[in-house]
1. Quick test for you: out of Gln226, Gln243, Gln253, pick the one residue that is part of a loop (DSSP other than H, G, I, E, B) and modelled with pLDDT under 90.
2. Here are some conditions: (1) under 20 Å from the mean Cα position of the chain (by Cα); (2) modelled with pLDDT of 70 or more. Arg335 meets all but one. Which one does it not meet?
3. For a quick check of your reading of the model, give me the residue pairs whose first member lies in region 133-156 and is closer than 23 Å to Thr171 by Cα and among the aliphatic types (A, V, I, L, M), whose second is part of a helix (DSSP H, G or I) and at pLDDT 80 or above, with beta-carbon atoms closer than 6 Å and at least 6 apart or on different chains.
4. Quick test for you: out of His128, His97, His162, pick the one residue that is more than 23 Å from Gly199 (Cβ to Cβ) and of a type outside the set (Ser, Thr, Tyr).
5. I need a count of the residues in region 189-199 that are surrounded by fewer than 17 Cβ atoms within 10 Å (Cβ to Cβ) and either assigned to a helix (DSSP H, G or I) or touching a Lys or Arg at 6+ places or on another chain (Cβ under 9 Å) (or both).
6. With the structure loaded, tell me whether Ala190 is among the small types (Gly, Ala, Ser) and closer than 23 Å to Glu129 by Cα or whether it fails that test.
7. Name the single residue, out of those in region 155-181 being hydrophobic (A, V, I, L, M, F, W, C) and under 26 Å from Leu284 (Cβ atoms), that is surrounded by the fewest Cβ atoms within 10 Å (Cβ to Cβ).
8. Using the structure shown, decide if Ala184 is surrounded by fewer than 13 Cβ atoms within 10 Å (Cβ to Cβ), under 22 Å from the mean Cα position of the chain (by Cα), modelled with pLDDT of 80 or more and over 30 Å from Ala112 (Cβ atoms).
Amino acid sequence: MKSLPQRIFQLIYLSTSLILLHNTAIAKPLPDPFFTFFEKSRYLRLNLSSLRKGDSQVKLLRNFIIQKQADPTYSNQDLFTVAYLFAIEENFQSAFHYAKQIEPGSTLSAMAHCFILYFWTQSDEPLHESKSAISAYKNVLLTQIYRLPSDMNQELVSTLDHLTLLELSKTEPADITPYFVMQAMETFHAAKVSTKAKGQLLLDLHTRLQNQPENVKRLFYHELQQNFSTIQEIKKIIPASMQTEKDPEMQVQQEEQAQAILKQAQVSLKNKDKQQALAHWQELFHYYPHTQSHKKALQNIRTFLRNEFANQTDVNPILESLKKLPPEILYSEGRYLWNAQKNETALALFEAFVQSYSYHTKRPTYTISLPVFESWNQFDPSPVVLQKNYPAIYAIDLLSTCFI
């Protein structure tokens, strides 16, 4: 199978980007060692997809383009080539510098950013950026997908998965709960990322668990033992003293604690304290995901919400609390609300799902297609309006193109 650069340059670059229209129809002599002109076209005499880090031609071509007199006719193509060459050499800061100068919204701009992120995630160069910066890179990739051919989907999904694991590995310790550990481990297991990269990112995540409660660390090590113990570096961090099998005594203790929280939620609901009931349910969802009470809480909250919707109750006062619920609730109740023509609340839950659970392993099945909103006359499904006013739905729609 051809590599990403080889396939994509065949599909796009050699067919559109390297055959560049010139202003004259007169054949021109060879002006330099890298480009040739014929009739209305300029051709690069090198096959960029064959270049590798350390090749002498990489530096020669890059310096030639940077130092030669700029020609506006070819500025975007030259910027793309320089950005690509810096990315090959793993100088990603310079690569982004040139990519950002390419005409925004163009195919070349999309290709440049995607190539840089692809090479970056495939390299041994660690991404030391903050979680917000990684999220920004991921957003760049998402907003460029529709400009690229479907032949790139496999590699782009791999890049998206890698960026998602990077986000998870940079999660703040305060946000790490048992529920987070379960979802993170599912995401790591399903991600189309090399075993070596997964191992390093799991080690990075491990450093953020040092001061976590015992039940969180126990669950984390148990998941490592079950799914990643074949990675030697991971095997080394699993303490010998940590039980890898389920502890019956701990299970009983957790079930009792979960039952107590579930009863507290029921008491709060009986006292018409909806906010407090939601707070108890949220605690149960996040800290007792393996218990039977967790399953009962899911049923209870669905019944509660359906009653609220059926009674035409204004849910705006509890909307912020609803946004903190698990993804399966956000999605199922969002769809229920949409069918009940409560569009604004449905949209809020959908957006909360994407914003809080972008790493969710079931995100393809949670894709919201724009036709769902066509009958809502307040909703403009055009990409420009979506990106500006409904960024989460815009991101979902773009994500769906990766899984067709």
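The values are calculated or read from the model by the stated rules, or taken from the named source; none is laboratory data. As the structure is a computational prediction, the values presented were derived from the model and not from experiment. Neighbour counts run over all protein chains shown; Cβ positions are idealised from the backbone, glycine included.
1. Details: Gln226 fails: part of a loop (DSSP other than H, G, I, E, B); Gln253 fails: part of a loop (DSSP other than H, G, I, E, B).
Of Gln226, Gln243, Gln253, the one residue that is part of a loop (DSSP other than H, G, I, E, B) and modelled with pLDDT under 90 is Gln243.
2. (1)
3. Ile134/Leu163; Ile134/Leu166; Ile134/Glu167; Val140/His113; Leu141/Leu117
4. Values: His128 fails: more than 23 Å from Gly199 (Cβ to Cβ); His162 fails: more than 23 Å from Gly199 (Cβ to Cβ).
Criteria check complete, one pass: His97.
5. Initially, region 189-199 is screened for residues surrounded by fewer than 17 Cβ atoms within 10 Å (Cβ to Cβ), giving 189-190, 192, 194-196.
If we keep only those that are either assigned to a helix (DSSP H, G or I) or touching a Lys or Arg at 6+ places or on another chain (Cβ under 9 Å) (or both) too, we end up with 189-190, 195-196.
Residues meeting the conditions: 4.
6. Working: among the small types (Gly, Ala, Ser): yes; closer than 23 Å to Glu129 by Cα: no.
In short, no.
7. Kept after step one, since they are hydrophobic (A, V, I, L, M, F, W, C), are these residues of region 155-181: 156-157, 160, 163, 165-166, 168, 174, 176, 180-181.
Now narrow it down to the ones that are under 26 Å from Leu284 (Cβ atoms): 168, 174, 176, 180-181.
Working: Leu168: 25, Ala174: 8, Ile176: 21, Phe180: 18, Val181: 23.
Ranking the candidates gives Ala174 first.
8. Details: surrounded by fewer than 13 Cβ atoms within 10 Å (Cβ to Cβ): no; under 22 Å from the mean Cα position of the chain (by Cα): yes; modelled with pLDDT of 80 or more: yes; over 30 Å from Ala112 (Cβ atoms): yes.
Judged against the criteria, Ala184 is not a match.
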